[in-house]
Each structure stands twice: as C-alpha cells, then as structure tokens.
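Student: First the structure, then my questions, so here it is.
The values are calculated or read from the model by the stated rules, or taken from the named source; none is laboratory data. In this text, all values refer to a predicted model and were calculated from it rather than measured experimentally. Cβ atoms come from the backbone with ideal geometry, glycine included; neighbour counts cover every protein chain shown. These area figures cover heavy atoms from the full protein model, side chains too; ligands, DNA and RNA do not enter into them. Shrake-Rupley method; radii C 1.70, N 1.55, O 1.52, S 1.80 Å.
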Amino acid sequence: MRTAYSVETVRAAERELMARLPEGALMQRAAAGLAAACADLLGRVYGSRVVLLVGSGDNGGDALYAGARLARRGAGVTAVLLAPDRTHPGGLAALRRAGGTAVRADAGEGLVERADLVVDGIVGIGGKGGLRPDAAALAAAAERSRAAVVAVDLPSGVEADTGEVRGAAVRADLTVTFGTHKPGLLIDPAREHAGSVRLVDIGLELPAEPELEALQHADLARLLPVPAAESDKYRRGVVGVAAGSARYPGAAVLAVAGALRGGAGAVRYVGPAGDAVIARFPETLVSDRGPHKAGRVQAWVVGPGAGDDAATVAEVLGEDVPVLVDADGLRLADRGAVRGRTAPTLMTPHAGEAAALLGVSREKVEAGRLAAVRELASRYGATVLLKGSTTIVADAGGGAVRVNATGTSWLATAGSGDVLSGLAGSLLAAGLSALDAGSAAAYLHGLAGRYAADGAPAGAHDVAEAIPEAWRDVRD
C-alpha cells in the first residue's frame, strides 16, 4: 500500500525527528537521496551541466546540498538564486566549497536551456498558488530545454494537500519525495506535473491512518474473492443489474459483461434490454417484472443507460442490499433516499456528473478532485468513486481516500464506465465493503484497459473481456 500524508502531519513528524537528531542531519539525509536519484538519472555525472533552481526554503537547502555532492563527483553545478538574501546559508556554502557557483535569477534562463539536469528547489510542500513570474520563467525554460527536470519533494507551483494547480508550475520528469508521498503526487492535475516519483526514506514516524492510500497488487490479491470448494452461485454472490433502455440497450449489455467477468456467481438482469443481454450472455437470468420480483440478489447495479426511469432507481434504492448507482441513476436518485439507506451505497460519477450533483462547473471538479469526492460522500452519506485519470474513492464515514492510477487514457471510451459498474457490483455481491469494492474494481478495470488497448484503441467490450487477464495478473 502506498500512502500519502498531509503537510501538517509531515511537518509534525519532521519536527519530532529533528529533535532527536544532530542539527542538519535530516536535511543531509534528504540531500543524499536526492543526489543519488539525480546521479541515476544522469548516468554519467562527471562533466554534466547541472542547474539548481533555489528558493528561500528548506527545499532550496536540499537542492544546494545535493548539488554539492554532484559537484564533488565532477559535475558543473550552478545555483540560480530566486531569493539571494534568504538562501539557505549552509547549503550555499557547501556548494561553493565543492566548486559550484551561484547566479541571480535574471541570469538563469540561458543556463537552464543549456543544462543536462535541472533541479527544482523553488518552493516546498507548503507552497500555495502558482509560481511568481521570475520562477515561472525559469520553469518554462526548463520545459523548453532538453534537460531532465527533477523536483525536490514536490513540483513547485502545485499544492501538496489537494493536488490542485492554480497557476504556473514546474513539470518534472522525476520527483524525489522525502519520508512519504504527498497527496498532490497521487492526484491529478498535480500528478501530471510530478513525472515518476521516487520515495526516499528519511526515518519519519507517521500515524497509522494516512490522508490517501493507493492499493498495489498484493493489497488487491488479499481483497479479491476466490470461491471455495463448497461454493455455489449464491455463496459467490448474485448481482442484479437494472440498466439499459430502448435507446441505450448496450449499457445493459456492458454492465452485465462487467458483472460476469467480475466473478459474480450469477447475474439477474431487469429492464427493457433483455433480448440484447440474452443474445450476448445467455447465462444471464432475465426478468421483466421489476427489481422487487427479480429473485434473490446480494447487490444491485442501477442506472447505466436508464434514461428517465426514476421508478426503477427508487425501487432499487429501497432494497436492503448494497447498491451501486451510476450514470442516469445518479441524476434520478433522490438524495434523501440515498442518505436514508441502511445498506451500503456506492456512487460512481465522472467529473461532469459530479459537477451536476454538486451544482458547480466541471472545471471546478477537475481542478479539485479530492475536495469534490469528499463533499459528495458527505452530502449523500454514500461511498463515492469519482472516475477520471486518477480515480478516487471516498467513504461516507471519512478516513483515508483511496487513489487508483492503473488506468490508461484509452479507457476514455463510451461504455467503459458501464463495465466498471458491473464489475464493482459483482464485488459488492461477493461481500466486499463499498470502499473495497470500488477500489478493487477501479484497479482491475484500469489493468484491463491496459491489456485491452496495448497501445491502440479498444472498445468497452474489449475491456470487459480483459478483466480475467487482469485478475490473473493480480493473483499470480
């Protein structure tokens, strides 16, 4: 499990550790890890041209001490000082002793454009808003250059706690972060600025519950249900799918596909697309008598392609089993009915749907994804999975938000969300909590998207067919 902690938590842990260490020891640990990462990226340190973009905080000190280490290995290192009067004195002295030089910001752009490596030590994790003009000009020069760009702890100009980018910001090829990941390294749009992320352990003691957590293969393998010898279809979980309409029969077919490939013991389908579902998946149990009379299920999926069928959405929400609400169901679901449910509810909006539910613009949701998913979970008293380039899942009861990044941009295709709904519904029916079902489904769906696309366009049906391959990959 990868975890991320807030700035306040990280700073408290740093203060506690610094009180037990000799003065400057913590910064030297960080600088050593940063210098090692820079050397690995350069390949050949001797003779390379390294430019440090140095602000007034400890980030600048980390960059300067790392630069001194590279200079001692034969690199030509120049520090561009954005706040000469407030530069970390010990770091600057160390760089000069090692043979490095320093210039003011107005002399920096040409150096950046000729560099082999640029180290971003402009702003630390407490930075808010975009870069100031002089720093923004240097960041733009670094982006234009052919240099590799390494960010110290977090790309300057992005916000550590929220993942928001409110103005000009550094775009890094590699971010070397210390002690723990910060939320902005895992959530877009800030994540796009971070490049690859390398975590350097500096000995921080952190609380048990993080702000964010990201599942990895081993975590998912522990969550995925595996049928026992005595299992039957009911023990494996039966999922009901109330989806589709005369206009959108494909949504029903794709949701059923996700449910079947997601390990459901059986799928009961209710809706007007029964003929299309049976034609594609003859194992589906089809009913035209509504959710109440469909037969025994352990969870429901409602909403994909449902059009204006508010009655079916309301009927499903009245069932005393876990319910996943997606697509049209999100628009049709009464908030009071959702909040009044005693069984778990999982809502799966994309940014546009989340914006409509919150009464804000899509752009606002995209810019502040973490705040949006938490607000939705609070308003509806439900677990919310916010789809996107980094899918995030927030539980109704608070706690750590789950982040998933296994996907691919090829998943931005019609019907992909319907497959995800069916997959998550099957995991709900198998007994996973709404948080675990949403997180595991997003992880598998993302992997399946990678396998289905393999660098080329793929349809939603291809994603559904690739789910077993993703499942095997996780379990192996």
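Student: Can you tell me how many residues within segment 383-409 are open to solvent by less than 20 Å² (accessible area, probe 1.4 Å), in contact (Cβ under 8 Å) with a residue 60 or more places away in the chain and polar (S, T, N, Q)?
Tutor: 2
Student: Taking the condition open to solvent by less than 30 Å² (accessible area, probe 1.4 Å) and touching a residue at least 40 places away in the same chain (Cβ under 8 Å), does LEU111 pass? Before the answer, list the steps.
Tutor: Details: open to solvent by less than 30 Å² (accessible area, probe 1.4 Å): no; touching a residue at least 40 places away in the same chain (Cβ under 8 Å): yes.
In short, no.
Student: Where residues in segment 195-230 are of a type in the set (Asp, Glu), closer than 28 Å to ARG29 by Cβ and in a loop (DSSP other than H, G, I, E, B), which of them is least open to solvent (accessible area, probe 1.4 Å)?
Tutor: By that ranking, first place goes to GLU211.
Student: Further question: Mind telling me which of the residues ALA429, ALA434 ends up being in contact with a Ser or Thr (Cβ under 7 Å, 6 or more places away or on another chain) and within 28 Å of GLY265 (Cα to Cα)?
Tutor: ALA434
Student: Somewhere in segment 327-346, is a residue free of Cβ contacts under 8 Å to residues at least 12 places away in the same chain and either under 20 Å from GLU159 (Cβ atoms) or open to solvent by less than 40 Å² (accessible area, probe 1.4 Å) (or both)?
Tutor: Checked segment 327-346: no residue is free of Cβ contacts under 8 Å to residues at least 12 places away in the same chain and either under 20 Å from GLU159 (Cβ atoms) or open to solvent by less than 40 Å² (accessible area, probe 1.4 Å) (or both).
Student: Determine which single condition VAL474 fails, assuming it passes every other condition in (1) of a type in the set (Val, Ile, Thr); (2) under 23 Å from ARG235 (Cα atoms); (3) buried (at least 23 other Cβ atoms within 10 Å of the Cβ).
Tutor: VAL474 satisfies all of (1) of a type in the set (Val, Ile, Thr); (2) under 23 Å from ARG235 (Cα atoms); (3) buried (at least 23 other Cβ atoms within 10 Å of the Cβ) except (3).
Student: Only one of LEU26, LEU52, LEU21, LEU42 is touching a Ser or Thr at 6+ places or on another chain (Cβ under 8 Å) and farther than 17 Å from GLY100 by Cα. Can you tell me which?
Tutor: LEU42
Student: Here is a follow-up. Across segment 353-369, what is the total count of residues that are closer than 27 Å to SER433 by Cβ and either touching a Lys or Arg at 6+ places or on another chain (Cβ under 9 Å) or without any contact (Cβ under 8 Å) to a residue 24 or more places away in the chain (or both)?
Tutor: The qualifying residues number 7.
Student: In this structure, does LEU420 turn out to be over 20 Å from the mean Cα position of the chain (by Cα), under 27 Å from ARG296 (Cα atoms) and either open to solvent by less than 10 Å² (accessible area, probe 1.4 Å) or not charged (D, E, K, R) (or both)?
Tutor: Criteria not met by LEU420.
Student: Would you check if ALA172 is over 17 Å from VAL393 (Cα atoms), open to solvent by less than 20 Å² (accessible area, probe 1.4 Å), touching a residue at least 12 places away in the same chain (Cβ under 8 Å) and in contact with a strand residue (DSSP E or B) (Cβ under 9 Å, 6 or more places away or on another chain)?
Tutor: Yes; evaluated as a whole, the condition is true for this residue.
Student: Quick test for you: out of LEU186, LEU154, pick the one residue that is in contact (Cβ under 8 Å) with a residue 12 or more places away in the chain, under 15 Å from the mean Cα position of the chain (by Cα) and crowded, with 23+ Cβ neighbours inside 10 Å.
Tutor: LEU186
Student: May I ask you to say which residue of GLU465, GLU469 is more than 22 Å from TYR380 (Cα to Cα) and in contact (Cβ under 8 Å) with a residue 60 or more places away in the chain?
Tutor: GLU465 is the lone residue from the list that is more than 22 Å from TYR380 (Cα to Cα) and in contact (Cβ under 8 Å) with a residue 60 or more places away in the chain.
Student: Next question. So which residues in segment 110-162 are touching a Pro at 6+ places or on another chain (Cβ under 7 Å) and not in a loop (DSSP other than H, G, I, E, B)?
Tutor: Within segment 110-162, ASP120 is the sole residue that qualifies.
Student: Being assigned to a strand (DSSP E or B) and within 20 Å of GLY431 (Cβ to Cβ) narrows it down to one residue among VAL267, VAL321, VAL316; which is it? Give the steps one after another, and end with the answer.
Tutor: Numbers: VAL321 fails: assigned to a strand (DSSP E or B); VAL316 fails: assigned to a strand (DSSP E or B).
The conditions single out VAL267.
Student: Hey, another quick one. With the condition kept exactly as written, say whether any residue in segment 39-55 is among the hydroxyl-bearing types (Ser, Thr, Tyr), touching a residue at least 60 places away in the same chain (Cβ under 8 Å) and more than 30 Å from GLN216 (Cβ to Cβ).
Tutor: yes
Student: In segment 242-301, which residue that is polar (S, T, N, Q) and touching a residue at least 60 places away in the same chain (Cβ under 8 Å) is least open to solvent (accessible area, probe 1.4 Å)? Spell out how you get there, then give the answer.
Tutor: As a first pass, look at segment 242-301 and keep what is polar (S, T, N, Q): 245, 284, 287, 298.
From the residues that got through so far, the ones that are touching a residue at least 60 places away in the same chain (Cβ under 8 Å) too are 245, 298.
Numbers: SER245: 18, GLN298: 41 Å².
Here the residue is SER245.
Student: Answer yes or no as to whether ALA429 is more than 26 Å from ARG374 (Cβ to Cβ), buried (at least 24 other Cβ atoms within 10 Å of the Cβ) and at pLDDT below 95. First the steps, then the outcome.
Tutor: Details: more than 26 Å from ARG374 (Cβ to Cβ): yes; buried (at least 24 other Cβ atoms within 10 Å of the Cβ): yes; at pLDDT below 95: no.
So ALA429 fails the test.
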